[in-house]
Amino acid sequence: VVPSKFTLYFECPEEVMLKRLMKRGETSGRADDNIESIKKRFRVFTETSYPVIEHYNKDGKVHTVSCVDSPEAVYANVKNIFTNLFKDQK
């Protein structure tokens, strides 16, 4: 394991994620695409994964991308982050 150089955090409000996941559940056939399971996943993320984001954020290693925008806008933001992070490497 090597030290983290950066963390890419895709930020999206729970309300937006819930709406998207419920829409996915209409056709996914996944048994866990229901409100109870989704809310449990949100809690688990908050309790177990988000502290990692907070830890690396203290070190200035977190690059946050809003996922409220269109997929094209999210991609453009991610591309910009990577371009800036690796602009001096050849």
Fill in: Filter pass, Asp88 being exposed (fewer than 10 other Cβ atoms within 10 Å of the Cβ) and at negative phi
yes
Response to the item:
Per the filter on region 1-23, residues open to solvent by less than 100 Å² (accessible area, probe 1.4 Å), part of a helix (DSSP H, G or I) and within 28 Å of Ile81 (Cα to Cα) are Glu14, Val16, Met17, Leu18, Leu21
Response to the item:
Pairing a residue in region 35-60 that is surrounded by 13 or more Cβ atoms within 10 Å (Cβ to Cβ) with any residue that is assigned to a helix (DSSP H, G or I), where Cβ atoms lie under 7 Å and the two sit 6 or more apart in sequence or on different chains, gives Ile38/Leu18; Ile38/Leu21; Phe42/Glu14
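Say whether the condition of being touching a residue at least 24 places away in the same chain (Cβ under 8 Å) and out of contact with any strand residue (DSSP E or B) (no Cβ under 9 Å at 6 or more places or on another chain) is met by at least one residue in region 1-9.
If we filter region 1-9 for residues that are touching a residue at least 24 places away in the same chain (Cβ under 8 Å), which is where we start, we get 4-9.
Pick out the ones that are also out of contact with any strand residue (DSSP E or B) (no Cβ under 9 Å at 6 or more places or on another chain) and you get 4-5.
There is at least one residue in region 1-9 that is touching a residue at least 24 places away in the same chain (Cβ under 8 Å) and out of contact with any strand residue (DSSP E or B) (no Cβ under 9 Å at 6 or more places or on another chain).
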Item to complete: For residues that are in a helix (DSSP H, G or I) and of a type in the set (Phe, Trp, Tyr), scanning just region 67-88, find the one that is modelled with the lowest pLDDT.
Response: Phe82
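The values are calculated or read from the model by the stated rules, or taken from the named source; none is laboratory data. Treat the numbers as computed from the prediction; the structure is a model and nothing was measured. Glycine gets a Cβ as well: all are built from the backbone with ideal geometry, and neighbour counts include every protein chain shown. Keep in mind that these areas ignore ligands, DNA and RNA; they rest on the heavy atoms of the full protein, side chains included. Shrake-Rupley method; radii C 1.70, N 1.55, O 1.52, S 1.80 Å.
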